Amino acid sequence: MTSIIKVDTLQKANGATPTAADLGINTTGNVIQVVTYTDASVSVFTTSSSGYVTSDSLPRATITPKFSNSKILIQAMVGMQNDQTGQIENTIYRTTGGTATDLSGNNTYGLAFKGVNTGTFWTECSITWADSPNTTNSVEYKWYSRSEHGNNVTPCHHGTSISMTIMEIAQ
């Protein structure tokens, strides 16, 4: 025998809309939402700063988590060039409520770096990182770069594409 239950609306006793957990559905590990930013026509961005800087030519995305205990999985990519000895050090900053936090925890080399002893290189650099912002407020993630020795570096080379995908994962 087959049974069918049809309803127009489910409500909790207090009239609120139930969550999946209220209905006994386990969502742990499920992707709740995905935000993607891509740009295939970015402008070149060059810096000699030994402190982290960002630009509209670098990846960024904003998400508003549905649950305060969610993990946010960040995947970002940019094409870069270095004509000097040294390296380009890269990190992601999380900004929420006006406070910016370096996700590398001020690690010497950031979350990812690309270096050269002599000559020039052109390469893709990517960062994958899991974050726990512990909020349901809007959270912005932005790529930042710096030069290891203050040499001219190009964290975003013309003719390359940039992307950032952020996913909220239920805990």
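The values are calculated or read from the model by the stated rules, or taken from the named source; none is laboratory data. Just so you know, these numbers come straight off a predicted model, no measurement behind them. Cβ atoms come from the backbone with ideal geometry, glycine included; neighbour counts cover every protein chain shown. These area figures cover heavy atoms from the full protein model, side chains too; ligands, DNA and RNA do not enter into them. Shrake-Rupley method; radii C 1.70, N 1.55, O 1.52, S 1.80 Å.
Within the range 23-32, the set of residues being open to solvent by less than 80 Å² (accessible area, probe 1.4 Å) and free of Cβ contacts under 8 Å to residues at least 60 places away in the same chain comprises G24 only. Sort out which residues of the range 91-125 are in contact with a Lys or Arg (Cβ under 8 Å, 6 or more places away or on another chain) and in contact (Cβ under 8 Å) with a residue 40 or more places away in the chain, and write them in order of number. Hits for the range 91-125 are I92, Y93, T95, G110, F121, T123, C125.
Rundown of residues vs (1) open to solvent by less than 40 Å² (accessible area, probe 1.4 Å); (2) among the β-branched types (V, I, T), yes/no style:
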position	(1), (2)
D102	yes, no
G110	yes, no
F113	no, no
V116	yes, yes
T120	no, yes
P133	yes, no
T136	no, yes
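Residue count for the range 124-146 under the criterion of being of a type outside the set (A, V, I, L, M, F, W, C) and under 15 Å from V53 (Cα atoms): the result is 5. Note on the range 134-171: residues that are modelled with pLDDT of 90 or more and either assigned to a loop (DSSP other than H, G, I, E, B) or in contact with a His (Cβ under 9 Å, 6 or more places away or on another chain) (or both) total 7.
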